[in-house]
Amino acid sequence: MKKCGGSLLLFLLFMVFWWAPSPGHAAAPFYQGKTIEILGESRVGGGTDTMARIIATFLPKYIPGNPSIVVRAMPGGAGAIANNIFYAKGKPDGLHLMMNSSSPISLQLRSRDIAKYDLTKYSHVGHINRGTNLLLVRKDALKRLTDPKAEPVVCGTKEGEETWMAMGLWGREFLGWNIRWIPGYSGTSDIEMAFQRREIDMFGTTNAFIIKRLQEEGSITPISQGGIYKNGKFIRRKDFPDVPTFVEVLGKKKPTGLPWQAYMAWVGAGDVDKFLVAPRNTPKQYMSILTSALEKVSKDPKFDEMVKRMVSEIYDVGIGEETTNLLKEVLTVPPEALDYGRNLQTKFGLIADKKK
Amino acid sequence: MKKMSLIALVGLVFYLSTSLIPVYAAPAAAVRPTISVSPSVIALEKNAKLVIMGSGYRPGQEVLILFHDALGVLTALPDAAVANDRGSWAAVWDMADYVGRKIVTDGVYAIMSADAKYNVIATTTAGFVDVSKDLKDWPDWATAAGIKKPEAKQTEGKQKEGKKKKE
């Protein structure tokens with residue numbers, strides 16, 4: 001009986017420990033069973049949204065606990081609407097991320113009143129640079145670009161702040177390009193639709209997927225590319241080796257001094273391109289998990305295949321601090337260079353808000 | 001004494017076993033939230049619009065609408081619906097961008113309602129038909145649901161016009 005009682009006691013003790021929450025349970029990965037939201041600052045189907053979807057496809061695999069990821073678009077104001085909300089109200093709980101683009105950089109850089117955020121203050125997961133922008137003109141509108149007496153070539157833009165807009169503005173100023181701008185589109189996707197409707201004749205994008213599709217349709221001619229800035233020179237994209245850089249297009253008309261300094265400041269935003277951020281002050285414990293996961297994603301051959309198939313054959317990935325430092329660099333620009341760009345915008349009928 | 005401790009231990013085990021098991025049963029009077037779509041089978045055209053409705057939600061509750069895109073990525077529609085005083089809501093999904101960019105391709109999709117933390121509340125199903133495909137490649141359910149090729153619609157329209165002219 002004594003033996004039987006002892007065994008029963010042991011059995012009951014086992015049951016108690018079996019039912020009680022185990023220490024292993026407490027150590028379960030933070031992200032297990034959770035959902036991360038990636039907010040996209042532009043319209044569904046554009047370059048930023050596509051990049052968010054590609055990252056959402058691979059990121060859960062490399063985050064301990066394999067969380068779900070949901071992508072939600074919040075377009076408008078060239079990324080200002082989503083950024084204003086995310087900056088003011090984003091919860092630093094490791095579950096909220098935002099896919100950003102160079103447009104909100106340009107907005108902040110040029111001190112536009114609608115930008116109520118500071119991109120350098122976010123917690124940065126990383127960035128994906130897809131190369132450089134190409135300026136595309138409808139084939140049948142090409143002649144009008146250099147004919148000042150003809151009907152102006154109509155160029156669609158979000159807020160007149162995109163990186164590729166520098167080619168149009170400086171082309172108008174120094175090459176006499178015959179351009180009229182229509183601002184107000186919500187994203188590249190929206191601009192491309194306007195191009196398809198023949199509402200506009202010209203726009204710019206980095207997205208090789210869009211460019212090649214339009215080239216196959218036979219509707220566009222890429223007239224210039226920003227170029228990848230390396231060792232003091234702009235070089236052509238490997239996937240568009242026949243498209244001249246804007247410096248080549250300018251030739252002897254390339255300005256020097258302040259106008260060129262202003263051009264360089266404008267196109268700097270493109271060096272960051274698409275970047276993934278968490279709200280300000282997101283704890284390091286979450287950031288190290290997220291940055292490490294993005295780094296692993298960037299080395300995944302299937303990710304590489306998908307980016308090349310859907311976005312661009314050439315791209316660079318930067319992680320964490322690299323993104324922070326790059327953002328700080330492109331957002332540090334002499335005020336007189338910013339003023340020059342702002343004055344060009346005003347001169348050619350694009351709205352340029354007063355300085356903050 | 002030993003007997004007493006044994007009884008106490010049995011009591012403890014019973015208490016733990018009942019208190020640690022979560023109770024999932026919903027109150028008997030609770031209305032289970034629902035979600036439905038109209039039409040349930042839709043042609044993937046740029047002007048496609050899907051009406052999504054639900055009932056049984058908390059009045060004023062924000063409801064997110066989710067689906068898995070063609071890549072398998074969980075996607076929330078940009079705007080949340082808000083339940084009215086009766087706990088019902090309705091939303092229109094303008095599919096233009098999703099169709100044009102092939103974020104939605106043909107097939108059967110789960111359309112879900114979720115709370116602000118993306119906890120799924122209710123699920124329904126919608127069938128999307130790529131009408132640019134050859135009719136022979138269409139699934140049975142697409143033709144059974146009365147979806148027609150755009151050309152067929154145009155021909156039908158012309159026939160109707162012809163009839164009107166004769167009249």
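Derivation of every value follows stated rules applied to the coordinates shown; laboratory data play no part. For clarity, every value in this text was computed on a predicted model and none was experimentally measured. We place every Cβ from the backbone using ideal geometry, glycine too, and count neighbours over all the protein chains shown.
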| query | Label A:Asp300 and B:Ser88 with points 7 Å out from Cα along Cα→Cβ: what is the distance between them in nm? | reply | 4.3
| query | Applying 1/(1 + (r/R0)^6) with R0 = 51 Å to the Cβ-Cβ distance of B:Ala110 and A:Glu329, what FRET efficiency is obtained, to the nearest 0.05? | reply | 0.70
| What is the distance in Å between the Cα centres of the stretch B:28-69 and the stretch B:72-95? | 6
| request: State the three equivalent ellipsoid semi-axes of the stretch A:151-254, derived from the C-alpha gyration tensor as the square roots of 5 times its eigenvalues, in descending order and whole Å. | output: 22, 17, 13
| message | Run through the stretch A:259-301 and list the trypsin sites (Lys or Arg not before Pro) located in a DSSP loop whose Cβ has at most 13 other Cβ atoms within 10 Å. | response | A:Lys299
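Hey, what does the equivalent ellipsoid look like for the stretch A:216-332, semi-axes from the Cα gyration tensor as sqrt of 5 times each eigenvalue, largest first, whole Å?
On the way: eigenvalues 193, 95, 23 Å².
Output for the stretch A:216-332: semi-axes of 31, 22, 11 Å.
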| Around B:Ala122, what is the net charge, scoring Lys/Arg as +1 and Asp/Glu as -1 over all other residues with Cβ under 14 Å from its Cβ? | +1
| When only C-alpha pairs under 8 Å and at least 6 residues apart count, what is the relative contact order of the stretch B:31-144, in percent? | 32
| task | Would you list which aspartates and glutamates come within 14 Å of B:Lys46, measuring only between C-alpha atoms, while excluding same-chain residues fewer than 8 positions from it? | result | A:Asp190, B:Asp94, B:Asp97, B:Asp106, B:Asp130
| note | Within 10 Å of the Cβ of an average residue in B:64-76, the count of other chain Cβ atoms is 5
| Out-of-range pairs (alpha-carbon distance over 24 Å; input A:Lys89/A:Lys302; B:Lys102/B:Lys148; A:Lys121/A:Lys308; A:Lys302/B:Lys102; A:Lys274/B:Lys49) | A:Lys89/A:Lys302; A:Lys121/A:Lys308; A:Lys274/B:Lys49
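Which number do you get for Rg(Cα) / (2.2 N^0.38 Å) in chain A?
1.20
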| Vicinal HN-Hα couplings computed from phi for the stretch A:83-95 (Karplus, 6.51 cos²θ - 1.76 cosθ + 1.60; Hz; Gly/Pro x) | 5, 4, 6, 5, 5, 7, 10, x, 7, x, 9, x, 10
| task | Could you order peptides B:124-132, B:83-91, A:98-106 by the average number of other Cβ atoms within 10 Å of their residues, highest first? | result | A:98-106, B:124-132, B:83-91
| remark: Going from the fewest other Cβ atoms within 10 Å to the most, one would list A:Val154, B:Val51 as B:Val51, A:Val154
| request: Enumerate the calculated ³J(HN,Hα) couplings along the stretch B:78-84 in order (Karplus 6.51 cos²θ - 1.76 cosθ + 1.60, θ = phi - 60°), each rounded to whole Hz, writing x wherever the residue is Gly or Pro. | output: x, 9, 7, 8, 10, 5, 7
| Placed amide H near A:Ser123: partners under 5 Å, 5+ positions off or other chain | A:Ala278, A:Arg280, A:Asn281, A:Thr282
| request: Above 19 angstrom, tally the Cα pairs of the stretch B:31-144 and express them as a % of all pairs, no decimals. | output: 44
| request: Provide the gained length on full extension for the span A:Asp339 to A:Glu322, in nm with one decimal, where the gain is 0.36 nm per separating residue minus the Cα-Cα distance. | output: 3.3 nm
| field | Amide H within-cut-off set for A:Ile182, under 5 Å, with H built and near neighbours excluded | value | A:Cys155, A:Gly156, A:Thr157
| said: Quick check for me: using +1 on Lys/Arg Cβ and -1 on Asp/Glu Cβ, what's the dipole size of the stretch A:237-345 about its Cα centre, in debye to the nearest 20? | reply: 140
| Sparse-neighbour loop sites [trypsin sites (Lys or Arg not before Pro); the stretch A:102-167; at most 15 other C-beta within 10 Å; DSSP] | A:Lys116, A:Lys149
| note | Here the whole-number average of other chain Cβ atoms within 10 Å per Cβ of B:90-102 is 3
| query | Can you tell which of A:Phe348, A:Ile314, A:Thr332 lies farthest toward the positive end of the dipole of the stretch A:285-356, using +1 and -1 charges on the Cβ of basic and acidic side chains (Lys, Arg; Asp, Glu)? | reply | A:Phe348
| message | If amide hydrogens are placed 1.01 Å from N in the peptide plane, which non-local residues have theirs closer than 5 Å to the one on B:Val41? | response | B:Gly127
| field | Residue pairs, from the table A:Lys116/A:Lys158; A:Lys61/B:Lys117; A:Lys116/A:Lys296; A:Lys233/A:Lys299, whose Cα atoms sit over 24 Å apart | value | A:Lys116/A:Lys296; A:Lys233/A:Lys299
| said: Can you compute the label reach from A:Lys254? Point 7 Å from Cα along the Cβ direction, backbone N cut-off under 11 Å, restricted to the stretch A:205-240. | reply: A:232-235
